[in-house]
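Working notes, structure below.
The values are calculated or read from the model by the stated rules, or taken from the named source; none is laboratory data. Note that the structure is predicted; figures quoted are calculated from it, not measured. Cβ placement follows ideal geometry from the backbone for every residue including glycine, while neighbour counts extend to all protein chains displayed.
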Amino acid sequence: MSGANWVHIRRQYDEHIQKGDEAVLEGDLDLAEQYFAAALKLVHVRDHTVLQHEKEVTPLYKLGDVYCKRGCQKGDGGDFVKAAALYQGAVARTGDEALRKNLDKAVKEIDSLFLKYSLGITESKAKDNAREHKFGIRQMRNQVKYEIETIDKELNPYIHDEESHLASWMEAKRADAVRHLFEKIAEERKEFIGKLVDECIAVMGPPPCKYALIGLGSQATGLVTPYSDLEFAILIEEENEANIAYFRRLTHYMHLKVVNLGETILPAMGIKSLNDFYSDDPLDNWYYDSVTPRGFAFDGSLPNASKTPLGRKGTSTEPSSELIRTPMNMAGILEKALSLYPESGYHLANVLRNVCLIAGQQILVDEYILIVAKILRSRGGHMANQLADEMIHENICDIADPTTTATAQLLDAKKHIYRFPSVAVDCLALWANILPTAAWNTIDEMKVKKVCSPENAHHLNVLVSISAELRLKTYIANGGQKENLSALSAMTTSQNTGDQQPSEIQKVFYNCDMNHLFRYHYTAIPLKHFLSYEKFPLLQKHMVGYMNLFDNSSMVKGAMYLSFGCDRKAIACCEKAWELGKETDKSTILGIWGIACQNLGDYRKAKMCYERELQIFRKCYAPTMAHPSIASTLIHLGSVCYRLAEYSQTIRYLEEGLAMYRAFDDHNSNILHIAGVLSSLGVVFGTLGDHQKELSYSEQALEIIWRAHGRSAVHRDIAGLLDNVGTAWADSCCYEKATGFFKQSLQMKLSLYGQNTAHKDIAHSLSSLGSASFALGDFQRAVSYYKLNLEMCRAIYGETAAHPSIATALHNLGVSWNSLDNRQALVYVQQGLQVIRRFYGDEHPDTAACLNSLGSVWVKLAEHKEACSCFEEALQIFKTVYGPSTAHCGIAHCLTNLGAVWSDLGDQRKSVKYYEESLQMYERIYGPETAHSHTANCLNSLGGSYNELCDHSKAIVYCEKSLTMLRNIHGPGKDHPLISSVLNNIGFAWQGLHNWEKAIDYYEQALEMQENIYGSTAHNKIATTLGNLGASWKGRGDKEKAMKYHSQALQMNRRIHGPGTDHPSIAQCLNNLGSTCISLGNHKKALSYCEESLSMYQNVFGSNTPHPDIAIALGNIGLCWRGLGDNKKAISYYRKTLQMQQQVYGVRTPHRDIVATLDDLMRALTAERNYAKAFDYAEQADRMEEELARM
């Protein structure tokens, strides 16, 4: 952040703090909260430095005071808990000892105020046991760390051959040791929580009825860690308001004690001014807490968390859901949750079916468990089987086959590593009519009842223990919960063929021996295959009794490397598997190989793999030509053909796969595949410019998924398709509609993954919202969304990781800044290019795409040689990847960009040459008679170049052709930004022909269209059209109207970029106003405008930077001084103009702007009677005019 920016922010920050203090004095706590939150937002930077976090201390402290006062007014225990959390947040961020003491005092005072105003207790001998509790937790964690390190040292099965009996014996011993450790942790946690309960009851008085505080989630499954959240509910003997009120207060009191341990992150508190989880605007959920250690805390107050007695907050559509119930009524909540699962997104069905006693009476727990067992086993276990199927469908089927997934399976470590084993064990038990309890106990019961063989029970025990161990080690190493990390954060710099294991995977999972992670997958992969209900119908689920849940073949290793993002290692395994593997494995090997090649950008090799895979499947399943494996391979072929820009083949493969899926008897099981193919077809037609088909296919896909899951369901597939429909609307230029779909998608993803979770799907929605905001001209909002997207990608993949998603995020942020601050844009786009080069190397399409964007930034900075270099390098990469004679969009885009650069450099003939090459290529790609937006845009660019060549008649021909094509694409009378651009170009052509009426008519059409598209939003395209109208009215002689339009353009640009901001568009408006004042003869006012314009241009581009816009401003100042009668000053500015133009275009390059400046010099020198020099400039102008005429 620059010094000037920080001074501006500091001033705003101080104002917010002052106004907040004034609001507190006036008793307006709501207004005070708004001001303090606004101050916090100004200095809040996710994952930044200690110094940056120090700036958050004051607003957090003051927000704590607000909630404390609110608690005193309302008596709501929740307000005191939030106050304590805010104070603890401030404590975690300050290094100031005096301030820390004040905060400690405030924290202690909260306890007394809570007792007084929430519990009505004015005198109490309650002790402050926070220090003792912290010490107890620290001791527990230290002991656990020691024991897990001992297990690591003494029980290492990986020093033996992985298939030996010794290895198997050793890993069984290790699994048992891990089990005993976790059982000990669970017991110690129960004792600790019980102690908190006893302390609260000692102050509050005895409970009014029998109760049982029951543990949920990992506490009940036996997989809890010393850092895990506290998920619990309360069973009571009798439900009445007095009893429920007592246990509400008890919950608040417990929460206050837990918060004062200092391990509750602020977003978990649901403080509306920081994290409004129920707002439709994603930017209202903005505060991210990377400072407060995330450890022992209540389950967060998020819509789909809230697994505490207070339950979930009610909304306009959903009632609140307290978990303080009798056993029968709690079971009723479970039964209702089972009927809605997984549509509600609030997964009570999973957590309430498996509970354990923490404190209170066991008899209530026993009663509850009996009722739950009766519900699950009713109708022959129908409910249990249904729940198992839904759990598999939600948690496992999307990752059942690693060979069908081109992205890393380990991206969601919590779901795919930590949660998968316990979900799998629960499902196997439910299918066998066994009520799951602690994971290890459940495996024992399945073994006793012969649901699974002793060998498979061993593999399941190893799987569960490795998962639990990895999670525990990660928490220990991070000092708290950090499970959004991914193995992929490491693969970013590990695309090599060496034997060295990627160090970042080890960092993420804190596993010194990668064999540990591999061993996990030797069982996880076959188990995922087995649990995929599409491969194994319900009647075959008993196969777990005798099938082998262990596979360490090269093929499986290849699939694992693929899932880790190690594509080159995956290919090496595939090569080995191909030599050693069975004939029946070859199709799977080719599938893995193809995806790895596709990920590396080797699309031709990928296509070859898929084609061979298809041949094998067709031979294998002949004479039947329709089979799910054939359909899947056809879809893969379609995807790789799309990347090769072979669109007709793409459509053919996708349509063939779609027809095959639709033809299968078991239509329901193929619904997701059908929706996926329809969605892919939508993407292809969107690329081809047929946005009606794009929207139609996307909406069909969404409708199918809605029918499958229900319209009110919260599901990843629905969220993804909402994104696709939004994209289709955006491509159709209905950006407001698109934004609505993107927001729906984002809210669903936040419900699925958690409001404060870093997840790639959430990052994608933020990026889509950034794109829509950018298209609407709201560049600041676009930057906000893209910043959140970048922060999230870095949280997922690693702060310094080289990953394509981070590169894309940097690139998008740079593109957005390019409309606000070109220097800032340059920084981000260069960073994006650096990241993508580290990941893919130089010869990859994504590297070329980044170079194209970098070139566009250099264009804005008037560094045309740099821009040209970027575009030419990108062109060469595309030709290397796709072939020098291949017609491909990437190549055509480069040619278009080169045409634009040469146009800016004044070489319109060269510009036309590139545009014509680009046009020919687009016509080869889409068809010579096909109307496509790329072709239309190229025609419009050609028209622009002919305008610059003053061949306005030819410009009109090209632009009219473009206009006709765009109206065929979008329909007559439809508004579209590209159509408005063409109308502007036609207006410019008529302006060049001095037909002012026609020029104004086209500009007004363009303006009306832009206002229809962008509404009341201040947009740079509207501002440009207003400027064009000003120029035409000036040409027609109505200088006052010209001033009006130029003034409107200036106001709009200041609204877009900020009133005190220096920006090229504002500078251009000032220059236009100066030029119009010159024509009005008001040279004094003109000089003021032109000097302000020059100063702004120099601030933006640098005072010594050669730039054509600076040259124009200098020339206009020269005209002002000439009009004011000071020819000497005028000559001085004209010479500066000429010098800069020659620096920009070249000393010997003919250019019309140089001719105009030479003419101005000739006239000013003539007025000064310096005829010899004037004649010299006149001759130079004449020679250049002749050269231009010959070009």
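Condition first: under 39 Å from the mean Cα position of the chain (by Cα) and surrounded by 13 or more Cβ atoms within 10 Å (Cβ to Cβ). Now tell me which residues in the stretch 126-142 satisfy that. Those that are under 39 Å from the mean Cα position of the chain (by Cα) and surrounded by 13 or more Cβ atoms within 10 Å (Cβ to Cβ): A130, H133, K134, I137, M140, R141.
Pull up the stretch 780-822, narrow it to residues that are among the aromatic types (F, W, Y) and crowded, with 24+ Cβ neighbours inside 10 Å, then point me to the one that is nearest to F742 (Cα to Cα).
Restricting attention to the stretch 780-822, the residues satisfying the condition of being among the aromatic types (F, W, Y) are 785-786, 797, 817.
Then drop every residue that is not crowded, with 24+ Cβ neighbours inside 10 Å, which leaves 785-786, 797.
Working: Y785: 12, Y786: 14, Y797: 23 Å.
Taking the candidates together, the pick is Y785.
In the stretch 114-125, how many are of a type in the set (G, A, S) and either at positive phi or crowded, with 18+ Cβ neighbours inside 10 Å (or both)?
Our first condition is that a residue be of a type in the set (G, A, S); within the stretch 114-125, this holds for 118, 120, 124.
Okay, now just the ones that are also either at positive phi or crowded, with 18+ Cβ neighbours inside 10 Å (or both), so 118, 120.
Qualifying residue count for the region: 2.
Does the stretch 393-414 contain at least one residue that is closer than 15 Å to Y520 by Cβ, assigned to a helix (DSSP H, G or I) and at pLDDT 50 or above? Yes, the conditions are met somewhere in the stretch 393-414. All of L549, L562 fail the test of being assigned to a helix (DSSP H, G or I), in contact (Cβ under 8 Å) with a residue 60 or more places away in the chain, within 20 Å of Y520 (Cβ to Cβ) and of a type in the set (A, V, I, L, M), apart from L562.
Among what's in the stretch 885-926 and is β-branched (V, I, T) and under 18 Å from C870 (Cβ atoms), pick the residue that is surrounded by the fewest Cβ atoms within 10 Å (Cβ to Cβ).
Kept after step one, since they are β-branched (V, I, T), are these residues of the stretch 885-926: 886, 891, 896, 901, 912, 925.
This time we only want the ones that are under 18 Å from C870 (Cβ atoms), so: 891, 896, 901.
On the way: I891: 27, T896: 23, V901: 25.
Taking the candidates together, the pick is T896.
Screening N1012 against (1) over 34 Å from the mean Cα position of the chain (by Cα); (2) part of a helix (DSSP H, G or I); (3) farther than 20 Å from D690 by Cβ leaves a single unmet condition, (1).
Among residues of the stretch 782-832 being polar (S, T, N, Q), touching a residue at least 12 places away in the same chain (Cβ under 8 Å) and not in a helix (DSSP H, G or I), the one that is farthest from A848 (Cα to Cα) is S819. Scan the stretch 1012-1025 for residues that are within 17 Å of H970 (Cβ to Cβ) and either among the β-branched types (V, I, T) or at pLDDT 90 or above (or both) and jot them down. The one that is within 17 Å of H970 (Cβ to Cβ) and either among the β-branched types (V, I, T) or at pLDDT 90 or above (or both): I1013. Looking at the structure I just gave you, is I1066 buried (at least 22 other Cβ atoms within 10 Å of the Cβ), in contact (Cβ under 8 Å) with a residue 60 or more places away in the chain and in a helix (DSSP H, G or I)? So I1066 does not fit the description; no. For S639, indicate whether it is modelled with pLDDT of 90 or more and within 29 Å of H844 (Cα to Cα). Judged against the criteria, S639 is a match.
Yes or no, residue by residue, for (1) in a helix (DSSP H, G or I); (2) at pLDDT 90 or above; (3) hydroxyl-bearing (S, T, Y); (4) assigned by the TED database to the domain that holds L29:
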{"position": "G262", "(1), (2), (3), (4)": "no, yes, no, no"}
{"position": "A268", "(1), (2), (3), (4)": "yes, no, no, no"}
{"position": "S273", "(1), (2), (3), (4)": "no, yes, yes, no"}
{"position": "F277", "(1), (2), (3), (4)": "no, no, no, no"}
{"position": "D280", "(1), (2), (3), (4)": "no, no, no, no"}
{"position": "L283", "(1), (2), (3), (4)": "yes, no, no, no"}
{"position": "Y287", "(1), (2), (3), (4)": "no, no, yes, no"}
{"position": "T292", "(1), (2), (3), (4)": "no, no, yes, no"}
{"position": "F296", "(1), (2), (3), (4)": "no, yes, no, no"}
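Looking only at residues of the stretch 428-482 that are buried (at least 21 other Cβ atoms within 10 Å of the Cβ) and of a type in the set (D, E, K, R), we find that the one that is modelled with the lowest pLDDT is R471. Restricting attention to the stretch 1143-1169 and to residues that are β-branched (V, I, T) and in contact with a helix residue (DSSP H, G or I) (Cβ under 7 Å, 6 or more places away or on another chain), the residue that is surrounded by the fewest Cβ atoms within 10 Å (Cβ to Cβ) turns out to be T1166. Scanning the stretch 760-779 for residues that are under 18 Å from R716 (Cβ atoms) and surrounded by fewer than 23 Cβ atoms within 10 Å (Cβ to Cβ) yields K760, D761, H764.
Would you call I369 modelled with pLDDT of 85 or more and out of contact with any Pro (no Cβ under 7 Å at 6 or more places or on another chain)? Walk me through how you get there before you give the answer.
Details: modelled with pLDDT of 85 or more: yes; out of contact with any Pro (no Cβ under 7 Å at 6 or more places or on another chain): yes.
Yes, satisfied.
Would you mind stating whether G89 is touching a residue at least 12 places away in the same chain (Cβ under 8 Å), farther than 27 Å from E191 by Cβ, loosely packed, with under 15 Cβ neighbours inside 10 Å and of a type in the set (G, A, S)?
Numbers: touching a residue at least 12 places away in the same chain (Cβ under 8 Å): yes; farther than 27 Å from E191 by Cβ: yes; loosely packed, with under 15 Cβ neighbours inside 10 Å: no; of a type in the set (G, A, S): yes.
No: the conditions fail for G89.
Only one residue in T757, T727 is touching a residue at least 12 places away in the same chain (Cβ under 8 Å), outside any helix (DSSP H, G or I) and not hydrophobic (A, V, I, L, M, F, W, C). Which one? Answer to the selection: T757. Note on the stretch 926-962: residues that are within 15 Å of G689 (Cα to Cα) and at pLDDT 85 or above total 6. All of A1172, A1181 fail the test of being farther than 23 Å from V859 by Cβ, out of contact with any helix residue (DSSP H, G or I) (no Cβ under 7 Å at 6 or more places or on another chain) and part of a helix (DSSP H, G or I), apart from A1172. For the stretch 921-940, check the following and say yes or no: at least one residue is farther than 30 Å from C641 by Cβ and not acidic (D, E). Checking the stretch 921-940: not a single residue is farther than 30 Å from C641 by Cβ and not acidic (D, E). Filtering the stretch 644-655 to residues that are surrounded by 17 or more Cβ atoms within 10 Å (Cβ to Cβ) and either of a type in the set (D, E, K, R) or in contact (Cβ under 8 Å) with a residue 40 or more places away in the chain (or both) leaves L644, A645, E646, Y647.
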